[in-house]
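Taken together, the values in this text are just the output of simple stated rules run on the coordinates, not laboratory data. Everything quoted here is computed from the prediction, not taken from an experiment. As a convention, Cβ positions derive from the backbone with ideal geometry for all residues, glycine included, and neighbour counts pool all protein chains shown.
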Amino acid sequence: MDVYRYIAGKIRRGSDKTVRPDKVGSVSTAIGLVSVVISIAVIVISVCVVMGFRSEIRSKASAYMGALALVAPGQTPVNEKYPFVDSISYLSKLDDIPGVVYHQRVAYSSGLLKTADNIFGARFKGVDSLYNFSFFASNLTAGEIPSYKGRISTDVFMAERLARQMGFGVGDEVTAYFIGDEVKVRKFKICGLFDAQLENLDNSTILCDIRQVQRINDWEKDEVSSIEIMIADSANIDLMLDRVNNLLFDETGDDDPALFATSVKQLFPNLFDWLNLLDFNVVAILLLMIVVAGFNMISSLLILLFRNISSIGLLKALGMTSAGVGKVFRNISLNIVGKGLLIGTAIALVLCAIQKYFKVIALDPENYFVKYVPIEFNFGYILLANALALVMIMLILSLTSRFVAGVSPDKTMRAA
């Protein structure tokens, strides 16, 4: 048996059952335990919330524009002036890159929507029958998902808030004006509405048949604005961007259009800068909570040391070094901190689960891009936060070793 752990257990529980309980020591230990519980609970909840925001916003932005996109040099994925032919020799190899899920072609054209009282600017996003509507289906609020198989369709799929501003609903006809060398007028029918809570995109993007956009732009049927690339949720966007650009560099043939890849982080830097700010906040919370818990634990441990100063003197008189005595009290501290980490993590996971499945706390989507506080359980980060908290708190508690080293056996034994 580890003698240090055995002595620590005796001090923690009290070796003599007939002795009156040490109320002061018990209260100080409880304060230290509660401090660790609260601190780690706040840290774990912060990690789950930030990971939730990162996952939700990334998935929404990627669903609109693709996590990655192939575009013409000097252009963005929504370019309307310089299309490229989508018959590219390396597209099949693109799907073979680990982390790439699928790709899809899109075309864009800007137009004006006219009502009796107002004019609204909109970006028409042309998609084909192979387009993946799963994201928009999950945010469908009225009507149905359009189908662009067979003949050219006049159905359009738009954001609920844009339709509401215009005073339109499912089944209504919308007149759109496309201004170029000449003004082109098209009438569309609203087949469905969605609400994805991304203010700027929701208010400007309308999905329609890609053949409509190609006709409006005077493009051929194989010309597109960009090719969207969807990647796995767990894939790193920057790493995937490098892989796709490497493929373009190695596999682009003489007959292929000159393209390069861009990422959703480059398209929406404001969103990802906001997420990076949240990450900074989590680090600040982590450090603050650990410092608070650490110094509360120091107070508890010092009270415990004072209450057992005669035992420290006895252990030193029996030949135990200051380092050995310090190890005894580190075992006591480790027991308290360990319990605090387990209880705090359990409480945080329960609270996060309640929020995840019952959506108790609501948010304003115009400010936060989501209707409820999002939660994602990333147990790797949770374990890392626990490990960092444990190491840093124990490092802070090592400051008490100076007190142990200063205890004189003859004085404490004489006082006892």
Legend entry - Square roots of five times the Cα gyration tensor eigenvalues for the stretch 73-258, Å: 30, 20, 14
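Count the net charge of all other residues whose Cβ sits under 14 Å from the Cβ of VAL49, scoring Lys and Arg as +1 and Asp and Glu as -1. If you can, show how the numbers build up before the last one.
Values: positive: ARG54, LYS356, LYS359; negative: GLU56, ASP279, GLU376.
My count for the surroundings of VAL49 gives 0.
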Inset, instruction - Give me GLU366, GLU182, GLU80, GLU144 ranked fewest to most by other Cβ atoms within 10 Å of their Cβ, as a rough exposure proxy. - result: GLU182, GLU366, GLU144, GLU80
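What does the charge count around ALA353 come to, taking other residues whose C-beta lies under 15 Å from its C-beta (Lys +1, Arg +1, Asp -1, Glu -1)? Mind dumping the intermediate values first?
Values: positive: LYS356, LYS359; negative: GLU376.
Summing Lys/Arg as +1 and Asp/Glu as -1 gives +1.
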Inset, instruction - Whole Å is fine, so just give me how far the alpha carbon centre of the stretch 337-406 lies from that of the stretch 108-175. - result: 43 Å
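Residues with beta-carbon under 12 Å from that of LEU363, excluding LEU363: net charge, scoring Lys, Arg +1 and Asp, Glu -1?
Working: positive: LYS359, LYS371; negative: GLU56, ASP364, GLU366.
Neighbourhood net charge equals -1.
Counting other C-beta atoms within 10 Å, which of TYR357, TYR372, TYR82, TYR148 has the fewest, and how do the rest follow?
Values: TYR357 9, TYR372 17, TYR82 13, TYR148 20.
Placing the least packed residue first, the sequence is TYR357, TYR82, TYR372, TYR148.
From the P(r) of the stretch 119-206, could you give the percentage of C-alpha pairs in the tail past 20 Å? The partial results should precede the final answer.
Details: 1200 of 3828 pairs.
In whole percent, the share of Cα-Cα pairs in the stretch 119-206 beyond 20 Å is 31.
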Legend entry - Per-q log10 I(q)/I(0), the stretch 153-255, q = 0.18 Å⁻¹ (Debye; single scatterer per alpha-carbon; no solvent): -1.01
